[in-house]
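The values are calculated or read from the model by the stated rules, or taken from the named source; none is laboratory data. Because the structure is a prediction, the values reported are computed rather than measured. Glycine gets a Cβ as well: all are built from the backbone with ideal geometry, and neighbour counts include every protein chain shown.
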Amino acid sequence: MMTRAAIADPDPVVVIESRALYLGTAMVDTSLPVESVGGARVHREGSDIAIISWGRMVNLVREAAERLAGEGIEATVVDLRWLNPLDEDAIVRAVEATGGKVMVVHEANLTGGFGAEIAARLADSHFHLLDGPVRRVALPDVRVPSSPVLSGALMPDVDQICTVAREVRAF
């Protein structure tokens with residue numbers, strides 16, 4: 001759907017895809033109307049914590065949210081889909097709905113990753129909504145090895161996402 005939106009948009013659009021997503025399969029309904037560029041998608045509504053993500057990490061976040069729900073922790077899962085234009089309204093709605101408990105999950109390095117931009121924007125413009133620091137789950141600040149096994153060992157996983165979510169909720 002995002003590719004169709006990018007093709008239909010009159011402005012230049014860059015779509016960066018994670019190779020890991022190529023392994024998944026799903027039906028694409030081409031009869032649906034073409035979406036416009038921009039806009040987040042909320043995959044799950046919850047009142048305990050907002051987990052913001054995009055790309056490959058969304059599937060892990062959704063799995064973590066299901067596991068957390070089994071523990072009585074209800075997470076709102078926001079898939080940003082587009083980093084520019086950033087759907088700040090969707091982020092703010094999720095923060096408000098969860099009492100200001102927020103974490104961002106992404107597959108870039110912690111330092112300099114886009115998760116830091118989201119945390120900074122929340123701190124700059126919506127600090128009054130936050131109940132604590134915005135926690136980021138990301139790769140450690142190291143070079144990512146080309147070996148799939150080694151790079152996979154660095155990537156955030158469901159267990160790590162759940163651990164940080166529990167910490168944020170308890171803060």
Legend entry - Subset of the stretch 54-86 that is within 28 Å of PRO12 (Cβ to Cβ) and β-branched (Val, Ile, Thr) - its residue that is surrounded by the fewest Cβ atoms within 10 Å (Cβ to Cβ): VAL58
Legend entry - Where ALA94 falls short, out of the listed (1) in a loop (DSSP other than H, G, I, E, B); (2) out of contact with any helix residue (DSSP H, G or I) (no Cβ under 9 Å at 6 or more places or on another chain); (3) in contact (Cβ under 8 Å) with a residue 40 or more places away in the chain: (1)
Inset, instruction - Assess whether ALA97 counts as being within 30 Å of ASP11 (Cβ to Cβ) and of a type in the set (Gly, Ala, Ser). - result: no
Inset, instruction - From VAL105, VAL61, VAL168, VAL95, grab the single residue that is more than 12 Å from the chain's Cα centre (by Cα), closer than 30 Å to GLU35 by Cα, modelled with pLDDT of 95 or more and among the hydrophobic types (A, V, I, L, M, F, W, C). - result: VAL95
Inset, instruction - Using the structure shown, decide if ASP89 is assigned to a helix (DSSP H, G or I) and either surrounded by 19 or more Cβ atoms within 10 Å (Cβ to Cβ) or free of Cβ contacts under 8 Å to residues at least 24 places away in the same chain (or both). - result: yes
Legend entry - Conditions (1) free of Cβ contacts under 8 Å to residues at least 12 places away in the same chain; (2) among the basic types (Lys, Arg); (3) closer than 19 Å to GLY46 by Cα: number failed by ARG143: (3)
Inset, instruction - Could you tell me whether ILE16 is touching a residue at least 60 places away in the same chain (Cβ under 8 Å), outside any helix (DSSP H, G or I) and within 23 Å of ALA120 (Cβ to Cβ)? - result: no
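Would you confirm whether any residue within the stretch 124-132 is of a type in the set (D, E, K, R), farther than 26 Å from LEU68 by Cβ and in a loop (DSSP other than H, G, I, E, B)?
No.
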